[in-house]
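Please treat every number below as a calculation from the coordinates, not as lab data. Quick caveat, the model's predicted, so the values are computed rather than measured. Here the Cβ positions follow ideal geometry from the backbone for every residue, glycine too, while neighbour counts run over all protein chains shown.
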Amino acid sequence: MIPRDSADYVVNGKIVKGVAQTIESGILFHLEPIPEGIKTMDYRMIIDGLWTPDPLNPSTVSGSSGVLASRILLPGKPVGTFDRDAPGTFRFNYRAAPGETITVGGSFNDWDPFMYEMREISPGYYTLALPFSPGVFHYIFFHRGEQIPDPANAKRLLTRDGRIVSEAEVFR
């Protein structure tokens, strides 16, 4: 990957200032479309010339040859998408292991973790559509006793009581 701007790099323990844009950074990304139905991805990294599992990812698996690889869960359908078929409705979506109990609460139900249980419509994919008046609201998912902001919604804020919650808006 070629950097866009001149930058400072550490080379052999020394800071090199103003590296030209034409100098390769040593970082390479490979992007590939995710095939339908794939729920996990196993990967390894090359660090100092050696293939290794990701040292920052605690989830590892051993392949048939005994080589360790890191594993991540891939996102499913978008979470927290506006249901365009029903004006004034917001559809909550969440991915978890099959057979779990997932609920949603927020500013619309005084953060009650028991009022709205999501329905599992396919293994590990939970959804719930609720009617709302137009406007902004805040919400979180409840899973295994934890309060989880929507992983697919980047709009988040910190509440007065120190919770990180997701923010969404319903349009007319």
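Per-structure values
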| read-out | value |
| --- | --- |
| Selected residue (criterion: farthest from the chain's Cα centre (by Cα)) from residues of the range 36-52 that are among the aliphatic types (A, V, I, L, M) and surrounded by fewer than 10 Cβ atoms within 10 Å (Cβ to Cβ) | L50 |
| Output for the range 53-66, where each listed residue is assigned to a loop (DSSP other than H, G, I, E, B) and either of a type in the set (D, E, K, R) or surrounded by 13 or more Cβ atoms within 10 Å (Cβ to Cβ) (or both) | P53, D54, N57, S59 |
| Among the candidates P123, P131, P113, residue that is surrounded by fewer than 15 Cβ atoms within 10 Å (Cβ to Cβ) and within 24 Å of the chain's Cα centre (by Cα) | P123 |
| Strands (runs of 3 or more DSSP E) wholly inside the range 117-172 that include at least 2 residues being free of Cβ contacts under 8 Å to residues at least 60 places away in the same chain and within 25 Å of G37 (Cα to Cα) | 119-122, 125-131, 135-143 |
